Structures are given as structure tokens and as C-alpha cells.
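Before any comments, here is the structure.
The values are calculated or read from the model by the stated rules, or taken from the named source; none is laboratory data. What you see is a predicted model; the values in this text were computed from it and never measured. All Cβ positions, even for glycine, are placed from backbone atoms using ideal geometry, and neighbour counts span all protein chains on display. The protein model used for the area step is the full one, side chains on, heavy atoms only, and it has no ligands, DNA or RNA in it. Shrake-Rupley method; radii C 1.70, N 1.55, O 1.52, S 1.80 Å.
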Amino acid sequence: MTELAETYACVPSTERGRGILISGHPKTNKILYTNNRSILILNLDNPLDVSVYGEHAYQATVARYSPNGEWIASADVSGTVRIWGAYNDHVLKKEFKVLTGRIDDLQWSPDGLRIVASGDGKGKSLVRAFMWDSGTNVGEFDGHSRRVLSCAFKPTRPFRIVTCGEDFLVNFYEGPPFKFKSSHRDHSNFVNCIRFSPDGSKFISVSSDKKGILFDGKTGEKIGELSSEDGHKGSIYAVSWSPDGKQVLTVSADKSAKVWEICDDGSGKSTKTLTSSDSGGVDDMLVSCLWQNDHLVTVSLGGTISIFSASDLGKSALQISGHMKNVTSLSVLKNVPKTILSSSYDGLIVKWIQGIGYSGKLRRKENSQIKCLAAAEEEVITSGFDNKLWRVRFLGDQCGDADSIDVRSQPKDISLALLCPELALVAIDSGVVMIRGTKVVSTINLDFAVTASAISPDGSEAIIGGQDGKLHIYSVTGDTLTEDAVLEKHRGAVSVIRYSPDVSMFASGDLNREAVVWDRASREVKLKNMLYHTARINCLAWSPDSSMVATGSLDTCIIIYEIDKPASSRMTIKGAHLGGVYGLAFTDDRSVVSSGEDACVRVWKVNPQ
């Protein structure tokens, strides 16, 4: 049997020049954010306590808890709102098509009966409020001419709704049923976020014109603004009130977050500026914030979540980060504690420690894209989309100088001889390239299209898989290859080949969803009929004791086979990663770690029957 032991969460999807939304649970310290089609529920007290909801058909944009914390309403770019249970199986309660374009914000009414959503309407309505159980409209929202970026529901009676958007307007509606009351054009640029204070007496709007303006919650009249001295130097993307309604937190493109004290007369003065240095580039721009009980949460453009303590603002922030895009490669380093390296194609390499989670990013001096990654004890070898291989030495989180090796063609697969890691075999379209250290020692053209390769740990044998599904076995002498045998079993192009750790076997997988385990000495099939995936096999991994082999596929499943049992007694992990599994590795004989399209990394415990 298999069970999920840990999930290392992905970070929120961000977009340059826009704010994003994170929201909190009304009572506990759980927060909600979105990444691609997934909605993540993360516990701020324990970042390994993660739950993922992946039922949206399109990219999700916002999710919010109902006032009682039992339900979650989430929306996506197609204009659909789904309402589902916050616990256990996340059972779907209702699904409504609310707008014709993307939804940018939604909010529950304080009694939990109505929901207001705003966004882009492609010529139709840009804001709608509806009953959460039946979907019937509660009011007409006129007065906006362009995309409505944010909306808010007054948390006390009499109910009011305020909206703001790309037409520089702040609109005020009375109801229910809601109807237009007044409009304010005090901002001179996009109004990015609007929020009522917890007692409903005021609301604040923040804009790309670097201003924050406060209004009276009952009448909608302007009462004051955030002071411009010590103000933000860039667009303000988001704002969040403190639970007592006396302070607000704002974040901006100037890479800082500020805490403001709000006086009764509606003016605000900056009391503290929070900065957390990360990369130093545009990735440090802050795009979202949330004041959740005693936690002040900010999110940067690079996706890093920083958590400050409200009671001790001088303390440095706890930072949680991870991947935002498809995690294509995984590698486990043999040191203790078990360190996992994962890479995504945008060039990010993240270090995780089993049992602890996020432990930093590997900062390379050359931030090139990554297609393949191989790691030995103290170096990583990466290849991107530019015919180059990079060998980077690292100690802790620090990377040394990167050596680039030009292989004259796009690398398809990298494999290292683990006992002498300066030897690497790189598969390219027309053949293979052998590399010792940073020198190309030979480029061998083969008379078939190469799709995958592997080199034995001692560097004496290479197996090269072709587009035709054949496995060619070569012995390596010096810098040349001599063909020993050709194995035919696969019916599709070979996608992955891996030697077992004891080097007595090797396994291969193909695009026609089949995997085969071979005996190395006799070159016969050792385990056959491994045909249980429904789509191509992307990755394959051996357990350290060579007793199990795991395959990961585009069909979102991981299948684990025991070598000494027939393939039919397999263990299957269904839906391991939304969108497909792309990386697999064992950290020990009973733990397998996987990564995939959903940008998460997961650790599974395997208990054979």
C-alpha cells in the first residue's frame, strides 16, 4: 500500500503588473491561494500541512472561505464559480457560470448567503451578485466600463457592495437588491484592490497611482487618504486590514510592504516598512498581502511567501518558497538528512529536506532554462534549450562558477557515471556526446534517432534508446562505443532508461505506455507485462535496494512494481500530480518522491504487501 507522507507546496501563480489574491480562514491560520488549475490550502503554523483542490477546468484566479469556514468559493478565468466543502473530500456543492470573462475577485456576504464576483465580461456585465445556493441575481451593477479588478462586501448591516477597476472608478452600491448609488474618480490609474474594515465603518482603495484613499462605509463619501510622506514609490497592488480595524497592510511594486495606522478621521500614516531581500531583481516586487490574525503575509512576484509576526514586526520573516511551473526533474543527494533537488523549466532549482520541507534555492550565476538535471554529490549538471550543458559546483546554497559545454545540438537526456561523475553521456538527436569534466571527448553519430540514454555507474557500458523502440547496448572503451547487442521489445519511442543501484538490471519505459525490466547479464526480459499506464511514461526510478521500480506517467499516476512479483500485483497511486508526473526518485527503500505539472513535490510511503 502507498500513502502520502508529505506535500511540498507550489507557490502562487503571479503575473507581472497585476496583484493576485490570497485569503484566510475566518478562525484558524489557514490561507488559500491559486496556482494554475489548483487551489492550495496552506497552514501558516505548519507549511507541510497542505491540501490541494484540482477540479477547475481552467486556470483558477481566486478562492475564499465562507464566513463560517465550512465552504470555499473559487473562481477561474472562464467565469465559473465553484462552491465546495473546505474539509475532507472537498465535495462540490454548486457550480455557476457567473461572468463571460475571467473573474478577478469574489467575496461572500457576512451572512454567507450571497456572493459578489467581479472581473472581465466581454461586453456583458462586469460584476454580479447572486444567492450561493440558487445562483439567482441580487441586483444590477452598472457604472463600470472596463475590467473590474476588485470588489468587497460590507461586513455589517446595512449591506453595501463596493467595486473598483481599470476605469479608475470606485463604485458604491446599496441593497439588496443592489443598485448603483455613487461613483468616485479620485484615482488617476488602475484601482487594484478595495477592502472594507472588519467593523464596516470604512473602506480603502489602493491604486497604481501610488495612493490609498479611505471612504465612509455607510455613505460611500471620501474621508481621507494614506499620507504621501514615506509612502510607496510604486504601484500599490493589494491592501489588507488588521483584525481590530485600526491598521492596514499594503504591498507595492517598490518591493516593500508598509503598515499604516488609520486614524478616526480617515487619514493614515506609515508606521513600519517591511522588506525581505530575496533575489534583488524584479522577482522581489510584492503583489499580494494578507493580515491573518497574528501573521502578516506577503507574496512576491517570484512567488516567495514571507510571514511576519504582527506582535513583533522587527523579527525577520519566515520565508516559504517553491516552484511555480512544471517540475520536470528530481534528484536525491545521498547526504544526511535526505536532500531533494527539484528543477522546473524556468530555471529554478529548489532544495528540500525530507521531513522539514523548503530549505532554499540554488542560486546559479547563469539563470538559464532547465530541461534536464542530473546531480552528483556536490555538483549539478543542467541542460536547457540552447545546445549548452552547465556544470555547477555547489556547497550549501551557494553555487560556484558555472562551466558551459557546447554540445552543438539540443541535449535530450543527461546521465552521469555515478562512480566517476566527471564522465557524462549526453543524448542528442543524431547520437551521443561523451564528456569528461568540462571537455567534449567524443561526439558519436549513430544511424538512428536517439531519444534516451544511460551510462553504467562505472562508465563501462552505455544503453541508448531510439525513436524506433530499440535499445542499443554499447561497451565503452576509452572514448569510443562498440555495439554489443540490440534489444527489441518496445513498441514506441524509448523515453527513459535507468540502471538498478546494484547494476544487475536495468529498466526502460516508452511513449507507448509500457515499461520493461531487463536482466543485465543475460539481456533477457526480467519483468514483463508492465502495461498499466494509460499514457506515455515520463520518468522511472529504482529503490536503493533494487527490489522495486516506480514509473510515472502523463496519466497522473505512479505505479510501483516489485521485481520478484508479477506485474499484476502492482501498487498504483492515482492522481499523484494534476497534469502528469514528470520526476521520480526514491529517498530510501520505502519512500518515493515525485513531482509534476502541478508544480508540487510529494513524498509517498510505500509498504509492500
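Taking the empirical scaling 2.2 N^0.38 Å for compact globular proteins as reference, region 436-559 has a Cα radius of gyration ratio of 1.04.
Remark: for residue pairs Lys93/Lys351; Lys315/Lys351; Lys27/Lys361, the C-alpha separation exceeds 30 Å in Lys93/Lys351; Lys27/Lys361. Restricting region 1-61 to trypsin sites (Lys or Arg not before Pro) that sit in a DSSP loop and have at most 13 other Cβ atoms within 10 Å of their own Cβ leaves Arg16, Lys27. Solvent exposure of region 177-228, expressed per residue, is 42 Å² of accessible area, with all protein chains present and a 1.4 angstrom probe. Taking amide H as placed 1.01 Å from N in the peptide plane, Leu296 has its amide H under 5 Å from the amide H of Phe308, Ser309, Ala310, each at least 5 places away in sequence or on another chain.
In region 455-609, Cα pairs under 8 Å separated by at least six residues give a relative contact order of 13 percent.
Find the percent of Cα-Cα distances in region 1-81 that exceed 22 Å, and round it to a whole number. Don't jump to the answer; show the numbers that get you there.
Working: 824 of 3240 pairs.
For region 1-81, the fraction of Cα-Cα distances above 22 Å is 25 percent.
Nonpolar atom fraction for the chain, defined as the carbon and sulfur part of the 1.4 Å probe accessible area, stands at 47 percent.
Classify region 299-354: rounded, prolate or oblate, from the alpha-carbon gyration tensor (a ≥ b ≥ c, eigenvalue square roots; a/c under 1.5 rounded; otherwise prolate if a/b is larger than b/c)? In terms of gyration-tensor shape, oblate. Checking every one of the chymotrypsin sites (Phe, Trp or Tyr not before Pro) in region 79-125 against DSSP loop status and a limit of 13 other Cβ atoms within 10 Å picks out Tyr87.
Computed over the alpha carbons of region 163-262, Rg followed by Dmax gives 13.0, 41 Å. Counting charges near Gly121 (Lys, Arg +1; Asp, Glu -1) among other residues having Cβ under 13 Å from its Cβ returns a value of +2. The mean sequence distance of close C-alpha pairs (under 8 Å, at least 6 residues apart), as a share of the length of region 75-180, puts its relative contact order at 19 percent. In percent, rounded to a whole number, the relative contact order of region 332-383 is 29, using alpha-carbon pairs under 8 Å and six or more apart.
The shape of region 42-121 can be summarised by an equivalent ellipsoid whose semi-axes, obtained from the alpha carbon gyration tensor, come to 21, 15, 12 Å from longest to shortest.
Rounded to a whole number, what is D in µm²/s for region 11-168 from Stokes-Einstein with the Kirkwood radius over alpha-carbon pairs (20 °C, 1.002 mPa s)? D = 137 µm²/s.
3J(HN,Hα) along region 571-581, derived from phi through the Karplus expression 6.51 cos²θ - 1.76 cosθ + 1.60 where θ = phi - 60°, amounts to 10, 10, 9, 8, x, 5, 9, 4, x, x, 9 Hz, with x in place of Gly and Pro. Neighbours of Ile83, meaning other residues whose beta-carbon lies under 11 angstrom from its beta-carbon, give a summed charge of +1 when Lys and Arg score +1 and Asp and Glu score -1. Sequence-ordered 3J(HN,Hα) estimates for region 75-88 from the Karplus curve with 6.51, -1.76 and 1.60 and θ = phi - 60° stand at 10, 9, 6, 8, x, 8, 10, 10, 10, 9, x, 7, 10, 6 Hz, glycine and proline given as x.
When a/c reaches 1.5 or more, the comparison of a/b and b/c decides; with that in mind, is region 307-408 rounded, prolate or oblate per its Cα gyration tensor? Since a/c reaches 1.5 and a/b is larger than b/c, the shape of region 307-408 is classed as prolate. Measuring from centroid to centroid over Cα atoms, what is the spacing of region 283-357 and region 70-117 in Å? Spelled out, the Cα-based centre of one part sits 27 Å from the other.
Across region 499-507, computed HN-Hα scalar couplings (Karplus, 6.51 cos²θ - 1.76 cosθ + 1.60, θ = phi - 60°) run 6, 6, x, 8, 6, 8, 9, 9, 10 Hz from first to last residue, x flagging Gly and Pro. Over 20 Å between C-alpha atoms is what I'm after, so list which of Lys30/Lys272; Lys246/Lys269; Lys218/Lys258 land there. Correct reply: Lys30/Lys272; Lys218/Lys258.
Residues whose amide H falls under 5 Å from that of Asp142, counting only those 5 or more places apart or on a different chain, are Phe180, with hydrogens built in the peptide plane. Counting only heavy atoms of the protein chains and using a 1.4 Å probe, Asp386 has close to 70 Å² of accessible surface. P(r) for the chain, from all Cα pairs and a bin width of 20 Å, is 20, 45, 27, 9, 0 %, short bins first.
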